[in-house]
């Protein structure tokens with residue numbers, strides 16, 4: 001079940017911040033995958049389709065193909081809200097009816113740039129019940145010689161640490177892709 | 001898609017239902033477009049269980065947008081590779097844009113929507129200042145290497161830390177893209193920033209030149225030697241504390 005966490009309460013001049021974690025942390029990921037396996041995989045959210053496309057709101061000298069204006073979005077009342085009803089486990093959980101063979105399956109080592117990531121998936125009763133890291137990067141790469149890449153006319157600079165006082169951080173973490181790739185491969189090798 | 005989503009609303013009129021609606025949209029997007037989910041619509045298309053002509057409206061929309069982006073970037077953006085469709089380089093920004101539109105239509109004026117490090121910022125933060133966006137050091141996850149002061153725009157960072165994997169040059173699939181590690185694009189909308197950051201990243205070192213030539217967009221590119229190259233208008237967003 002995706003986990004929600006209250007960050008701040010509302011007060012004058014303050015806002016409400018909600019954080020939704022979707023599958024990155026290992027424990028949450030496992031719980032999420034188990035939940036997905038228990039949920040009817042054919043259920044689809046009744047949703048009104050969103051209407052297309054966006055406008056490129058910039059100056060006329062754009063080299064881009066023009067993109068049409070977005071239409072108004074349909075009302076969202078049709079999105080069913082998740083309930084708190086717990087999923088009851090079917091009595092046949094121990095029987096292998098799932099997509100996967102029982103056992104322990106290793107994913108490949110995947111290069112996450114500053115180290116290798118490798119995960120191991122455990123299947124019981126045909127379902128994913130555990131994911132473990134066999135390898136996880138702990139060492140930083142040593143710094144390399146700085147080459148002048150010489151992109152003409154554009155300024156360059158060495159990276160410098162800045163203030164950490166920010167509202168938002170942009171930039172992917174290094175291990176998430178490697179984790180997903182290794183896990184996906186482990187699950188592929190577990191398939192019936 | 002396996003990424004954290006954060007929504008921060010300053011307006012006192014925000015309700016829990018609004019947050020539920022926003023997160024429900026991301027769940028909807030994930031269930032439809034995640035290539036990691038076997039029963040997602042995109043997976044069923046990739047498994048040939050579902051033809052594109054029978055796909056949902058939103059799927060067709062995304063494919064439309066992908067084709068427009070492919071043309072606009074000279075083919076450097078392409079959701080088709082090695083026999084499969086993977087629209088994640090466009091869907092994330094699109095989803096954030098959609099949620100941002102939902103909030104605006106509800107009259108919310110100060111907020112941000114952040115999914116996996118791509119963000120749409122609107123209005124002001126809780127201190128009535130422009131939103132402060134930090135660019136993460138790809139070599140040290142706990143460190144910020146640039147602080148931006150932004151409002152009413154989108155910021156997207158494209159990057160891959162898997163050597164030679166996942167992000168590739170559609171024009172030459174044998175070309176390993178290890179020259180650049182991270183490319184941050186600031187644009188009028190996060191959907192635009194996201195798709196162009198994805199395309200520019202596939203161009204390697206030349207990507208920053210593409211962003212430079214693109215009217216209304218600025219970029220900050222970090223290469224494997226821990227050097228950054230940035231566009232001529234980028235500096236106006238930078239905060240020096």
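Observations, loosely collected:
- Taken residue by residue and averaged, Cβ atoms of other chains lying within 10 Å of the Cβ of B:13-19 number 3.
- Point-to-point label distance, residue B:151-residue B:215, nm (Cα→Cβ direction, 7 Å offset): 2.5 nm
- Placing pseudo-labels 7 Å out from each Cα toward the beta carbon at residue A:116 and residue B:225 gives an inter-label distance of 2.9 nm.
- For the residues of B:25-37, the average number of beta carbons from a partner chain within 10 Å of their own beta carbon is 4.
- Label point distance in nm, residue B:13-residue B:50, each placed 7 Å from Cα along Cα→Cβ: 3.6 nm
- For the stretch B:1-77, the C-alpha radius of gyration sits at 1.39 times the compact-globule guess of 2.2 N^0.38 Å, with N the residue count.
- Relative packing of B:32-44, B:190-202, B:113-125, which averages over residues the other C-beta atoms within 10 Å, highest first: B:190-202, B:113-125, B:32-44
- Remark: mean inter-chain Cβ contacts per residue of B:141-147 equal 6, using a 10 Å Cβ-Cβ cutoff to other protein chain atoms.
- Descending by average beta-carbon neighbour count within 10 Å, the peptides B:46-58, B:218-230, A:119-131 line up as B:218-230, A:119-131, B:46-58, the highest first.
- Kirkwood Rh in Å, taken over all unlike Cα pairs in chain B: 18.5 Å
- Antiparallel DSSP beta bridges within chain B, as percent of all bridges there, nearest 5: 100 percent
The numbers here are math on the coordinates, done by the rules we state, and not lab data. Since this is a predicted model, take the numbers as computed values, not measurements. Glycine also receives a Cβ, built like all others from the backbone with ideal geometry; neighbour counts cover every protein chain displayed.
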